[in-house]
Amino acid sequence: MSSFSNSSMASVDEGRYCRCGNEALLKTSWTQLNPGRRFFTCRISKKMGGCDYFLWYEDRHSPQANRVMWGLLKKVNAFDEKLKRARNIFIIGVVAAGLLMFGIWKLKPNC
Ligand SMILES: [Zn+2]
C-alpha cells in the first residue's frame, strides 16, 4: 500500500519518466497531423533495448492551439474537396467544349 501511495505522489512528474525509469526525452513532432506538438519518448532507441515510450506533452496553451490547428486542417481539407470538384467541372467543361467544336467543324461544309 505504501508503494502505491508513493507512485501516486510522483504523478506530478508523470510522463517525464519512461518505463525504463530514465528521464524521458522531450521531442517535437513534425508530422502533418501534429505539427509542432511535443511528446515524451524513451531516450534509448528501440533497437538499443529502449521501452518505446510515447506520451504527448501538453503545454498549457497547446490544447487551444491544437483546436485552432485542427480547425485549419479541416478548412484546408474542405478547400481541397472544393478544388477537386472544380477541377472535375473544368474537365467536363473542356470535354464538352471540345465535342462542341468538333461538332461545328463536322457541320461546316467542305470548301
Ligand atoms: Zn525507456
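Under 20 Å from a point 7 Å along the Cα-to-Cβ line of Arg19: which residues of region 27-50 have their amide N that close? The answer is 27, 39-50, whose backbone nitrogens lie closer than 20 Å to the label point. Database remark: amide H of Arg38 closer than 5 angstrom to the amide H of Ser29, Tyr57 (H placed geometrically; neighbours at sequence offset of 5 or more, or on other chains; Pro and chain starts carry no H). Scalar couplings 3J(HN,Hα) for region 31-42, obtained by applying the Karplus form with A = 6.51, B = -1.76, C = 1.60 to θ = phi - 60°, are 6, 4, 6, 10, x, x, 7, 9, 8, 8, 9, 5 Hz; x denotes Gly and Pro.
Readers should treat all values here as calculations from the given coordinates under stated rules, not as data from a laboratory. Just so it is clear, the structure is predicted and the values come from calculations on it, not from any experiment. Cβ sites come from the backbone with ideal geometry, for glycine too, and all protein chains shown count toward neighbours.
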